[in-house]
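Data block below; observations after.
The values are calculated or read from the model by the stated rules, or taken from the named source; none is laboratory data. Treat the numbers as computed from the prediction; the structure is a model and nothing was measured. We place every Cβ from the backbone using ideal geometry, glycine too, and count neighbours over all the protein chains shown. We work out accessible area using only protein heavy atoms, side chains counted, and drop any ligands, DNA or RNA first. Shrake-Rupley method; radii C 1.70, N 1.55, O 1.52, S 1.80 Å.
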Amino acid sequence: MTIDTSKQLYFEDVSVGMELPKLTKGPMTTAHIMRWSATMENWHKIHYDTPFAINHDKLPGVLLNGSFKQQWLAQLLKDWVGLNGWVWKMNYQFRAMNLVGETLTIWGKVTALHKGPDFGVVELDIGIVNQEGKESTPGKASVAVPYKGGKPVPYPFVPPKL
Amino acid sequence: MSVLPEAALKYVGVESEIEIAVDPVERGQVRRHAQAIGDEDPIYWEACDANKRYGGPVAQPFFPIHMFRRAYGTEDPVEANAADPDYDGALKVRGGLPEIEPLTHMPVMNGGSEIEFFRLAKHGETVKLKARYASITEKETSKGPIILVVSETDYLTGDGELLARQRHTRIRRPVKK
């Protein structure tokens, strides 16, 4: 198996407080939202029908889907841990709406490290802020990362006992 | 005064039947998903060195969760509700669970999730799920009361290998008069 080790993250290179390279999406348009909704076969009008969203559901406009935003949190973590790591688990809340015109930054910050026998586990705070710095999707994640000179994280993934 | 109907609480603990996704993991659907989220990672395209570890081309981590669509021959809710100005188009059935009838008049929003990933679904694989309602509670917020509906769902391959386990919260919000 050929691995692009230049992009592989190793546990020894991670420290508490480290910030992940940020992922930026947007400015978001109705085309982005419609493309995602169509991909999901999600016909919920709050994602494309502005009069319905405002007049019927009393919203400020059409909304970005929560299901859309969660994809980016997974993308951020997947790209960071590299091919031999694994995105184990994540949680998040949709605490604020995101609307057309916003530019979103997906971020992560290391909060704790756990050394296991075969690989390490990294805990993180994660989230999505708009161009004004307002957080909409705060959450936490745990990812598994190999040791330098060690084996890839087992696949399929078997959760460790921490 | 509570906005949570007593009749809704009887849904806590209700389990779904095992539901099989209407289509297997389709290469074209994986592509549309990748392009929509802006993540055209080659592991999703076709067999390559990068996805050898997974046994070939795979779908995105969240992909299995979105595979449960309306099957041929089932009622078309868009058509059925075309004359209803209040129809919001929201997906009414999630995870094979029955709709919570006492809450159907309340708009729904995605309230967040917890998810564990164990393996990625490969192109061509069948995916199935089993779900249950874990809790239904009322919460007071600065914008008024909301109802939190929490469900737990296991996503598995057709052979029963666990792909992901999700705990999902949907928010039902009484409409302001």
### Task
Please work out if A:Val158 is in contact with a helix residue (DSSP H, G or I) (Cβ under 9 Å, 6 or more places away or on another chain) and either open to solvent by 10 Å² or more (accessible area, probe 1.4 Å) or assigned to a loop (DSSP other than H, G, I, E, B) (or both).
no
### Query
Does A:Gly82 satisfy the criteria of being modelled with pLDDT of 95 or more, open to solvent by less than 20 Å² (accessible area, probe 1.4 Å), touching a helix residue (DSSP H, G or I) at 6+ places or on another chain (Cβ under 8 Å) and over 23 Å from B:Ala36 (Cβ atoms)?
yes
### Task
Identify all residues within the stretch B:147-177 that are over 30 Å from B:Trp45 (Cα atoms), open to solvent by less than 40 Å² (accessible area, probe 1.4 Å) and either modelled with pLDDT of 95 or more or within 13 Å of the chain's Cα centre (by Cα) (or both); write none if there are none.
B:Ile147, B:Leu148, B:Val149, B:Val150, B:Ser151, B:Thr169
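Here are A:Leu63, A:Leu76: which of them is of a type in the set (A, V, I, L, M), open to solvent by less than 40 Å² (accessible area, probe 1.4 Å), in contact (Cβ under 8 Å) with a residue 12 or more places away in the chain and in contact with a Phe, Trp or Tyr (Cβ under 9 Å, 6 or more places away or on another chain)?
A:Leu76
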### Task
Kindly indicate the residue of the stretch B:67-101 that is in contact (Cβ under 8 Å) with a residue 24 or more places away in the chain, open to solvent by 20 Å² or more (accessible area, probe 1.4 Å) and under 19 Å from A:Gln71 (Cβ atoms) and also farthest from the chain's Cα centre (by Cα) among those meeting that condition.
B:Arg69
### Message
When you scan the stretch B:26-47, do you find a residue that is under 26 Å from B:Lys130 (Cβ atoms), in a loop (DSSP other than H, G, I, E, B) and more than 10 Å from chain A (Cβ to nearest Cβ), even just one?
### Response
yes
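Could you list all residues from the stretch B:102-124 that are out of contact with any Pro (no Cβ under 6 Å at 6 or more places or on another chain) and either part of a loop (DSSP other than H, G, I, E, B) or open to solvent by less than 20 Å² (accessible area, probe 1.4 Å) (or both)?
B:Leu103, B:Thr104, B:His105, B:Pro107, B:Val108, B:Gly111, B:Gly112, B:Ser113, B:Ile115, B:Leu120
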### Failed condition for A:Gln71, given (1) touching a residue at least 40 places away in the same chain (Cβ under 8 Å); (2) within 19 Å of A:Lys140 (Cα to Cα); (3) open to solvent by less than 20 Å² (accessible area, probe 1.4 Å)
(1)
### Task
Go through the residues of the stretch A:111-119 one by one and say whether even a single one is touching a His at 6+ places or on another chain (Cβ under 8 Å) and open to solvent by 30 Å² or more (accessible area, probe 1.4 Å).
no
